[in-house]
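Q: Okay, here's the structure, questions in a sec.
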Amino acid sequence: MAALELDTTALGEPARGDHAAALAALAAIVGRRAALGVLALPDDRAPARAGLDSARALDREIDPGVVLGIGGSSLPARALYAALAPAYDALAPRSAGMPRRILFADNIDPASFGALLERVDPRRTLWNVISKSGGTAETCAQLCVVADRLGAERARAHIACTTDPERGALREVARVRGWATFDIPPAVSGRLSTLTPVGLLPAALAGLDVAGLLDGATRMRERVLAHDHNPALQLAAALHAHHAVHGRPMVVAIAYADGLSAMLEWLGQLWAESLGKQGRGSTPIAARGAPDQHAQLQLWADGPDDKVYVFLTVAARGPDVAIPAALHPDWQYLAGHGLGELLDIELGATIDSLVARGRPVARIVLPRLSAEAVGELVMLLEMTSLVAAPLYGVDPAGEPGVEDGKRRALAALGRGHA
């Protein structure tokens, strides 16, 4: 089976990073494997089985599933769903045997959340409430609204909670009200929870290949632990070197497959919260090819040389869409090609243009948009952020800047003091 590939040749030889320092950083992270929890996740198949069992037991009339969560309680699941569920699935007429749709209510804007409440049938919707702490203000507020509309009896069949195994208000409420619960391992932070029930339960509800995700993550973990040709070590060292040595404090990640765009939103949180501490860290920027060629490429190619570019794409896109006879002579050069072919040509041209101007470029290529490849990518991005943390001299765990904002918001609501 083809494996994910990382191409760093266009990052420039001097900027590939200090290999010894990166090896020491990897050793430091592996030494904390119990505390961080990520490396053990592919071996524990029980959460995947629990999610699959729950999905099989759920009435097929239940559609959609709605994830109530924010940040690391929503982005991991959304990344998996966007990558592996059929595109524009929400627009397809529903018929027997079709995968269940998953919606993500990850904000408390009353205009959008109110519209969601009006458009879904509460008798046919499963609400998956995700909060590790059990006290996330936005999610708890949404849950109060949903539970009130469902009523106590219906809520028991239509609410499932993903939270800490023992602690927190959400766990307590679920226990008292008889709601189904799924456990987030205590050692795993939200941004690293893709391979826990945070990501796997919505994936199972949508009929995605959760076993394949874990298989792919296992394969990448073994590549990382083998040290030789370790893609996470290579990428972390190069990105840090470009920042520390060459003054490039921004990482632009560009997806040349729409299914990977949500993955980059999750990567933004993963990179920012893991590294942005004590005045250190680099800034993640998510972009989408080909639209951002028309919106951002001018800056990338001709603006300040303060960025590193990481392109994500797939080698085999699946069936192409042929471009038929041109409607105008000026468009004749398009006829006979395919949309995927055009996108790949634009990808190559964009990379060549940046490299010609001395911009540093890396490329991550998935063999295809499969569960195994996505599992590999998840583990690669997680381990890259973790290995980068010691290089920056920060602890990847915790997010003190976020906690301060939470405290101030709660104080304004009358709970505690800012």
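Q: Hey, got a sec? Which chymotrypsin sites (Phe, Trp or Tyr not before Pro) in the range 44-142 land in a DSSP loop and have at most 11 other Cβ atoms within 10 Å?
A: Answer in residue order: 88.
Q: Still on this structure, please answer the following. Quick one: accessible surface of residue 250, probe radius 1.4 Å, all protein chains present, in square angstrom to the nearest 10.
A: Rounded to the nearest 10, that gives 40 Å².
Q: When DSSP assigns beta bridges and you keep just the ones with both residues in the chain, what percent turn out antiparallel, to the nearest 5?
A: Among the beta bridges of the chain, antiparallel pairing accounts for roughly 10 percent.
Q: Can you give me the long-range amide H partners of residue 312? Hydrogens built in the peptide plane at 1.01 Å from N, cutoff under 5 Å, separation of 5 or more residues or another chain.
A: Counting only residues 5 or more places away or on other chains, the set is 254, 255, 256, 364.
Q: Something else now. Is the range 31-76 rounded, prolate or oblate when judged by the Cα gyration tensor, a ≥ b ≥ c being the square roots of its eigenvalues, rounded requiring a/c under 1.5 and prolate requiring a/b larger than b/c?
A: The shape class here is oblate.
Q: Which of these values of Rg and Dmax of the Cα atoms in Å was calculated from the structure shown: [x] 24.6, 82; [y] 22.1, 70; [z] 39.6, 122?
A: [y]
Q: Decide, for the range 266-418, between rounded, prolate and oblate: order the square roots of the alpha carbon gyration tensor eigenvalues as a ≥ b ≥ c, take rounded if a/c falls under 1.5, and otherwise choose prolate if a/b is larger than b/c, else oblate.
A: Since a/c reaches 1.5 and a/b is larger than b/c, the shape of the range 266-418 is classed as prolate.
Q: Send over a whole-number figure in Å² for the accessible area per residue of the range 221-336, probe 1.4 Å.
A: Solvent-accessible surface per residue comes out at 47 Å².
Q: A further question on this structure: Can you give the calculated 222 nm mean residue ellipticity of the chain, where each DSSP H run of n ≥ 4 adds -39,500 (n - 2.57) and the sum is split over every residue, rounded to the nearest 500 deg cm²/dmol?
A: -14500 deg cm²/dmol
Q: When only DSSP loop residues count, what GluC sites (Glu not before Pro) in the range 42-145 have their Cβ near at most 14 other Cβ atoms within 10 Å?
A: Sites meeting the loop and neighbour criteria: 61.
Q: Further question: Give me the net charge for the shell around residue 38: Cβ to Cβ below 11 angstrom, other residues only, Lys and Arg +1, Asp and Glu -1.
A: The answer is +3.
Q: Then there's this: How much net charge surrounds residue 184 when only other residues with a Cβ under 14 Å from its Cβ are counted (Lys, Arg +1; Asp, Glu -1)?
A: 0
Q: Counting other Cβ atoms within 10 Å of each Cβ, which trypsin sites (Lys or Arg not before Pro) in the range 288-381 have at most 11 and sit in a DSSP loop?
A: Listed in order of number, the matching sites are 357.
The values are calculated or read from the model by the stated rules, or taken from the named source; none is laboratory data. Just so it is clear, the structure is predicted and the values come from calculations on it, not from any experiment. Using ideal geometry, Cβ is built from the backbone for each residue, glycine included, and neighbour counts are taken over all protein chains shown. Remember, those area values only see protein heavy atoms, side chains included, never the ligands or the DNA or RNA. Shrake-Rupley method; radii C 1.70, N 1.55, O 1.52, S 1.80 Å.
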